[in-house]
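The values are calculated or read from the model by the stated rules, or taken from the named source; none is laboratory data. All values derive from a computational prediction rather than experimental measurement. Note: ideal-geometry Cβ built from the backbone for every residue, glycine included; neighbour counts use all protein chains shown. The protein model used for the area step is the full one, side chains on, heavy atoms only, and it has no ligands, DNA or RNA in it. Shrake-Rupley method; radii C 1.70, N 1.55, O 1.52, S 1.80 Å.
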Amino acid sequence: MAGPLQEGYVLHTYGAERYVRHAVASVLTLRRHDPRRPVALFCPDEHRALLERHGLDRLFQVIAPLPEAHRSIVGFKHHLHRFMPFDRCLFVDADMIWCRDPDPLWQQLAAFPFTATGLERADFFFGGPKGLGVVLDVLLDRRRRTLRRFGLTYLPRVQAGMIYAQDAALTRTVCELASEFLARRHETHFRSRLHEGRSEESCEWSLAMAMSRLNLPVFPWFAGQNSPQLDYIDDLTSHDPDFHRVTCRYYTDRFAYSLRGIPSPFLRRLLLNLFTRLPGRGDYMEVTPFALHFGWLHQKQPFYAFAEKVWAELTRASDSRPLPDGEQVPEHDGMAGVEPPNQPEQHGKE
């Protein structure tokens, strides 16, 4: 008789040492609310050695190699089927702080063979130019042209900070389709993030196209009190220094809430103040999401500071020092029955 399906979290790190610190801080907050589900970390050997040197490898029940070919955004998220150590995997970014018990989140995700947080409809900014160039895309309706060219009837907005998978074959199909769409970017209206000064290509619009082709629903990103993750915005987030108690101001008007991404604090506050004065546009909730995501580049500093503080506290004393607040981590039997992730297809460095 088969045992119960195993649910677990999957993180990955590569590059600078600070990203290991981010993963440690994120998992420490997760353990405040979920002490039993295992956590897997795919990382280079030097990251594992760093964790072992400080005795922090015990935070993770699975630590496995991340091959060089997969040490990039698309290198990992377009190959998720290679990194599924559990029956039900929740792939999460390391720049997240967990804020409450995720049991209800897992119960909802169980209905999906594969999904990612997102919105049913993507706007022109999704994968497109972030400046005035978007106006030309709108006037020429380039988004519609892309959909017609690829035989799609809709384009969702995927936020890939959370991706859930329990059907390995379907996950492989999604990832392979996403890779094909990315390779045909020149046939779309999407822009390469490398041309914007970023060091890595985005995985999100290609995953969105793959999910559209396969008619797979996204998991609602904005769901009021039931939101799986919300962005950290300093003006809209209240918390204590160690993020034990977190509340976010969540505007029920989608346009009002979209203003949170404006980098300039003055302009963001001004536009929010003006727009929410309109009748019916100022309604908001104070909610605690399952996770707080530090995805905006101009809003990451509080997470960086928290991660450095956590790392300093955990490494200050001897390796035998117990985790803060008596937090415990479960035991796990490793990678039994999982396709070895250190034998990738030969894609080369991405």
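Table: residues versus (1) open to solvent by less than 20 Å² (accessible area, probe 1.4 Å); (2) among the hydroxyl-bearing types (Ser, Thr, Tyr); (3) not assigned by the TED database to the domain that holds Phe91.
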residue: Pro220; (1), (2), (3): no, no, no
residue: Asp242; (1), (2), (3): no, no, yes
residue: Cys248; (1), (2), (3): yes, no, yes
residue: Ala256; (1), (2), (3): yes, no, yes
residue: Leu259; (1), (2), (3): yes, no, yes
residue: Pro263; (1), (2), (3): no, no, yes
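Pick from Val20, Val92, Val39: which is closer than 20 Å to Leu170 by Cβ and not polar (S, T, N, Q)?
The match here is Val92.
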Out of curiosity, is His186 on the phi < 0 side of the Ramachandran plot and open to solvent by 40 Å² or more (accessible area, probe 1.4 Å)? yes
Out of segment 205-218, which residues are crowded, with 19+ Cβ neighbours inside 10 Å and more than 17 Å from Glu176 (Cβ to Cβ)? Val218
Take Leu51 and decide whether it is over 30 Å from Leu182 (Cα atoms), over 20 Å from the mean Cα position of the chain (by Cα) and either at pLDDT below 95 or surrounded by 19 or more Cβ atoms within 10 Å (Cβ to Cβ) (or both). yes
Pro279 fails exactly one of the following numbered conditions: (1) part of a loop (DSSP other than H, G, I, E, B); (2) in contact (Cβ under 8 Å) with a residue 12 or more places away in the chain. What is the number of that condition? (2)
Suppose the filter is surrounded by 12 or more Cβ atoms within 10 Å (Cβ to Cβ), more than 20 Å from Leu292 (Cβ to Cβ), without any contact (Cβ under 8 Å) to a residue 24 or more places away in the chain and of a type in the set (Ser, Thr, Tyr); does Ser202 pass it? no
Where a residue in segment 90-116 is within 15 Å of Tyr9 (Cβ to Cβ) and in a helix (DSSP H, G or I) and its partner, wherever it lies, is open to solvent by 40 Å² or more (accessible area, probe 1.4 Å) and modelled with pLDDT of 95 or more, with Cβ under 9 Å and at least six apart: Asp103/His33; Leu105/Asn226; Trp106/Arg88; Leu109/Arg88; Leu109/Gln166
If Leu292 passes every condition in (1) hydrophobic (A, V, I, L, M, F, W, C); (2) assigned to a helix (DSSP H, G or I); (3) at pLDDT 95 or above but one, which one does it miss? (2)
Report, by residue number, each residue of segment 134-149 that is surrounded by fewer than 16 Cβ atoms within 10 Å (Cβ to Cβ) and either assigned to a loop (DSSP other than H, G, I, E, B) or free of Cβ contacts under 8 Å to residues at least 12 places away in the same chain (or both). Val135, Leu136, Leu139, Leu140, Asp141, Arg144, Arg148
Is it true that some residue in segment 123-132 is touching a Leu at 6+ places or on another chain (Cβ under 8 Å), on the phi < 0 side of the Ramachandran plot, modelled with pLDDT of 95 or more and not polar (S, T, N, Q)? no
